[in-house]
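Undergrad: Just passing along the structure, written as structure tokens.
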Amino acid sequence: MSMNINQDYSQFYRGTTNIPAYGSGTNKKDTIVRYEFNTTDEHGNKVMDKMSREETIQAMKDIRSQYGDAVIVEFSGDGMAALVDSKKGAVDANMTLEQRDAMDARNAAFQKEITQVDKSLNNLPTYSGIYDADKAVAAAVENCGKEEQGFVYDIIRQNFLIGNSGSMTEEERQANISLGMKKAEYAAENFIPEDSRKSFLEAMESIAKLASAGKADNNGNMDYGIAKNRYLGHGSGLVRTTSAIDMMRTMDKDAYSEYQKVKKNDDSGLSSLKYLTNWYTDAVNKNPSMVDKYEKQSKEYVEKNVKDRKLDTTFADIKTENKEAFLNSLKAFQNSNPNFFTSIINRELTSKFWIV
């Protein structure tokens, strides 16, 4: 399917999460709403074409206009490939100067749209599903600044539990995890409170091992093998809840397939919510131990596949005592390995966090 300005976006809605409020006035944020635009469904069936840059911007504007200032709208999915496909310098040799100037202006506007989303989401928590590890990380950073919190959660997002690995080899994915652990060591040495450093590093190592054991499907979509826990609260007060949708996906695949169909044709979201509620009530009544069994599967997976896993050591020699040492040793690694992991290392070297 192609997109147009009158598009009903409800089929791409993936849920709403209340978060601890921060900011004030028009900058106050207390809610995240998620939309995911994927070209294929979970079975690999095509559901839409990739959007153009203009269609992507329009979709972002249309969706954001439905919500107030306190709401952060998070966009993801390979259907919005224009977010990453646009590359500076890809210009037609026959373009006039005026045409190039117009294109640069459109690109600048497009990048501004993306930056507004990225900055809003940078310091928000990302969780692995391993409750003890997630709580330890949350507790360790709860009194840190937003930049430091964002740095830690970006390790989990960008180095550990990436959503899709289609752009890298398995060797590069494991190396990315190795780089993430060195960033975690930097955090522990430089801004994590001293009494939390040990538990923080142990937690990050557990999440790194979970990431290392992950498997990609034919489209590069990652599966990390455990339940997608939901949490209430934040920091040391983090409380685990059960995701009914992920439990359905794991424990009753036929019901989950039907739920996806209902959700796809449900403009208001009420029909899919009713289906989910009825399924959960019936399933628990028929099998009272279902929730325990669902959660037990994750524990068994971690015990068998994660706990004793050895991590990649590609970046073992990176220095972590301060920003300058980290950057210099990462540059030295790049000079010694000029054709390896180029895009990820360049992204790290240009990160605003490392500006000394």
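The values are calculated or read from the model by the stated rules, or taken from the named source; none is laboratory data. Quick caveat, the model's predicted, so the values are computed rather than measured. In this analysis, Cβ positions are derived from the backbone assuming ideal geometry, glycine residues included, and neighbour counts consider all displayed protein chains. Side chains included, ligands, DNA and RNA excluded: accessible areas come from the protein's heavy atoms. Shrake-Rupley method; radii C 1.70, N 1.55, O 1.52, S 1.80 Å.
Undergrad: So which of Thr17, Thr26, Thr40 ends up being at pLDDT 75 or above and either within 30 Å of Asp217 (Cα to Cα) or touching an Asp or Glu at 6+ places or on another chain (Cβ under 7 Å) (or both)?
TA: Among Thr17, Thr26, Thr40, only Thr40 is at pLDDT 75 or above and either within 30 Å of Asp217 (Cα to Cα) or touching an Asp or Glu at 6+ places or on another chain (Cβ under 7 Å) (or both).
Undergrad: Got at least one residue in region 254-271 being at pLDDT below 80, open to solvent by less than 50 Å² (accessible area, probe 1.4 Å), under 30 Å from Ala138 (Cβ atoms) and not β-branched (Val, Ile, Thr)?
TA: Scanning region 254-271, I find at least one residue that is at pLDDT below 80, open to solvent by less than 50 Å² (accessible area, probe 1.4 Å), under 30 Å from Ala138 (Cβ atoms) and not β-branched (Val, Ile, Thr), so the answer is yes.
Undergrad: Identify the residue in region 53-86 that is among the hydroxyl-bearing types (Ser, Thr, Tyr) and under 20 Å from Tyr13 (Cα atoms) and, among all such residues, is modelled with the lowest pLDDT.
TA: For region 53-86, the residue satisfying everything is Tyr67.
Undergrad: Right, something else. Only one of these conditions is not met by Phe110: (1) open to solvent by less than 30 Å² (accessible area, probe 1.4 Å); (2) at pLDDT 60 or above; (3) not acidic (Asp, Glu). Which number is it?
TA: Unmet condition: (2).
Undergrad: Here's a follow-up. Quick check on this structure: which one of Glu185, Glu172, Glu202 is open to solvent by 50 Å² or more (accessible area, probe 1.4 Å), in contact (Cβ under 8 Å) with a residue 40 or more places away in the chain and within 17 Å of Ile318 (Cα to Cα)?
TA: Glu185
Undergrad: A further question on this structure: So which residues in region 282-306 are surrounded by 11 or more Cβ atoms within 10 Å (Cβ to Cβ) and either hydroxyl-bearing (Ser, Thr, Tyr) or touching a residue at least 24 places away in the same chain (Cβ under 8 Å) (or both), if there are any at all?
TA: Across region 282-306, the qualifying residues are Ala283, Met290, Val291, Lys293, Tyr294, Glu295, Gln297, Ser298, Tyr301, Val302, Asn305, Val306.
Undergrad: Inside region 238-253, can you point out the residues that are modelled with pLDDT under 85 and either more than 23 Å from Tyr131 (Cβ to Cβ) or polar (S, T, N, Q) (or both)?
TA: Thr241, Thr242, Ser243, Thr250
Undergrad: Moving on to the next point. Quick one: would you say Gly89 is modelled with pLDDT of 70 or more and either under 29 Å from Arg249 (Cβ atoms) or open to solvent by less than 70 Å² (accessible area, probe 1.4 Å) (or both)?
TA: no
Undergrad: Which residues, counting only those in region 184-221, are out of contact with any Lys or Arg (no Cβ under 6 Å at 6 or more places or on another chain) and of a type in the set (D, E, K, R)?
TA: Of everything in region 184-221, those that are out of contact with any Lys or Arg (no Cβ under 6 Å at 6 or more places or on another chain) and of a type in the set (D, E, K, R) turn out to be Glu185, Glu189, Glu194, Asp195, Arg197, Lys198, Glu202, Glu205, Lys215, Asp217.
Undergrad: Test of understanding: among Arg197, Arg230, Arg249, Arg240, which residue is open to solvent by 60 Å² or more (accessible area, probe 1.4 Å), among the basic types (Lys, Arg) and in contact with a Ser or Thr (Cβ under 8 Å, 6 or more places away or on another chain)?
TA: Exactly one of Arg197, Arg230, Arg249, Arg240 is open to solvent by 60 Å² or more (accessible area, probe 1.4 Å), among the basic types (Lys, Arg) and in contact with a Ser or Thr (Cβ under 8 Å, 6 or more places away or on another chain), namely Arg230.
Undergrad: Which residues, taken from region 129-152, are under 18 Å from the mean Cα position of the chain (by Cα) and open to solvent by 20 Å² or more (accessible area, probe 1.4 Å)?
TA: Residues satisfying the conditions are Ile130, Tyr131, Lys135, Lys146, Glu147, Glu148, Gln149.
Undergrad: Could you tell me which of the residues Ile162, Ile192 is farther than 28 Å from Asn221 by Cα, outside any helix (DSSP H, G or I) and either of a type outside the set (S, T, N, Q) or open to solvent by 60 Å² or more (accessible area, probe 1.4 Å) (or both)?
TA: Testing whether each residue is farther than 28 Å from Asn221 by Cα, outside any helix (DSSP H, G or I) and either of a type outside the set (S, T, N, Q) or open to solvent by 60 Å² or more (accessible area, probe 1.4 Å) (or both) leaves just Ile192.
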